[in-house]
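S.K.: So that we are looking at the same thing, I have put the structure below in C-alpha cells.
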Ligand SMILES: NC(=O)c1ccc[n+]([C@@H]2O[C@H](COP(=O)([O-])OP(=O)(O)OC[C@H]3O[C@@H](n4cnc5c(N)ncnc54)[C@H](OP(=O)(O)O)[C@@H]3O)[C@@H](O)[C@H]2O)c1
C-alpha cells in the first residue's frame, strides 16, 4: 500500500472573496495557518485590513487586500485586470462573497433578484473566467460557497434559491470543461451558519439568534482546507455540511 500523501499548500496563493466576515474570514484564517499567501476581496477595505492585520500577527505572510463591489461590473473588470498584472498564477480561487434576500414570492422585487444575480452568480462566473489563465498556470482549484438553499426549496427563498441553484450548475458545468486541464472544482453547501448574514436572517424571521446552535464557519473552513490538501488523484465535487441539532434527553 502506498503512503498517504497530503498536498502541502504552504506558499500557494489563494484568492478569497467575501474575506471580511463569516465563512470567508474563517477560510482566510485557516489558510493563513497553513502558510498560504492570501488575496482578500470584499466591499469594505477596513474589514479586509483588519483580517490582514490578524493574519500578520500569527504568520509572516504577504496579504493583499482588494476592496471591490463585485456586483458592479466595471469594478469587477478592474479587479481582474489588476490581478492579471500582479500575479503569474493563482492556486485557489474561493468564492464566498454573497448576499441574500427573502420574502414571499408575491412581494419579492425584481431589482433584488437582479442584485443577487450580479453578486451571487455573475461575479463568480466572470471572476473565474477572467482568472482562468492564472488558474491554469498551476492547475488551480475553484471553490464555490453555495448553500443548501440550492438543493431544497422552501417558502420565502425563491430568489436566493434560484440563483444558488444556478451557481450549482455553473460549478458542475465548468468542472466538465476544466477537469482535463487539471483544475478541480468544489461546491460547498452549508446549512445555517453562525455569521453576520445568518444573524440578520434570524432578525428578519423574528427568531432568537443562538449562534452556538448553528454550524460554525471555522468547521466549514477546516473541511475545505482538508479537501484542498487532498492529492490531485482525488476530487470532492460536493460538500454538504449541516448544523447538528442536539437531541433532547426525551428523544433518546
Ligand atoms: N450564513 C449562512 O447560514 C450561510 C448558509 C449557506 C450559505 N451561505 C453562503 O456563504 C457565503 C458567505 O456568507 P456568510 O454567511 O459568511 O455571510 P457574511 O458574513 O455576511 O459574509 C458575506 C461577505 O460577502 C461580501 N459581499 C457581499 N456582497 C458583496 C459585494 N457586492 N461585493 C463584494 N463582497 C460582497 C461581504 O463583504 P463586506 O462585508 O465588505 O460587505 C462579506 O464579507 C455566501 O455566499 C452565503 O450565501 C451562508
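Any read-out appearing in this document is the output of simple, stated calculations on the displayed coordinates, not a laboratory observation. What you see is a predicted model, and the numbers here were worked out from it, not measured in a lab. Positions of Cβ are generated from backbone atoms using ideal geometry, with glycine treated the same way; all protein chains shown enter the neighbour counts.
S.K.: Taking Cα pairs under 8 Å and at least six residues apart, what relative contact order does the chain come out at, in percent? Walk me through the numbers on the way to the answer.
M.R.: Numbers: 435 pairs, mean separation 49.4, N = 252.
After rounding, I find 20 percent.
S.K.: Let me ask something else about it. Could you sort 138-145, 73-80, 159-166, 14-21 so that the peptide with the highest average Cβ count within 10 Å comes first and the rest follow in order?
M.R.: Numbers: 138-145: 22.6, 73-80: 15.4, 159-166: 20.9, 14-21: 26.2.
So the order, starting with the most tightly packed, is 14-21, 138-145, 159-166, 73-80.
S.K.: Starting from a Cα-only point model with no solvent, please compute log10 I(q)/I(0) by Debye for the range 13-242 at q = 0.11 1/Å.
M.R.: -0.52
S.K.: For the range 141-165 and the range 196-245, what is the separation of their C-alpha centers, rounded to whole Å?
M.R.: The distance from the Cα centre of the range 141-165 to that of the range 196-245 comes to 14 Å.
S.K.: Another question, if that's okay. Restricting to DSSP H runs of at least four residues, report the calculated mean residue ellipticity at 222 nm for the chain, -39500 (n - 2.57) per run over all residues, nearest 500 deg cm²/dmol.
M.R.: On the way: 9 runs with 103 residues, N = 252.
Rounded to the nearest 500, the figure is -12500 deg cm²/dmol.
S.K.: Provide Rg and Dmax in Å for the range 145-202, with only Cα atoms included in the calculation.
M.R.: 13.5, 43
S.K.: Have a look at 200, 213, 180 and tell me which one the Gaussian network model of the chain (Cα, springs below 10 Å) gives the largest fluctuation.
M.R.: For the chain, modelled as a Gaussian network with Cα springs under 10 Å, the answer is 180.
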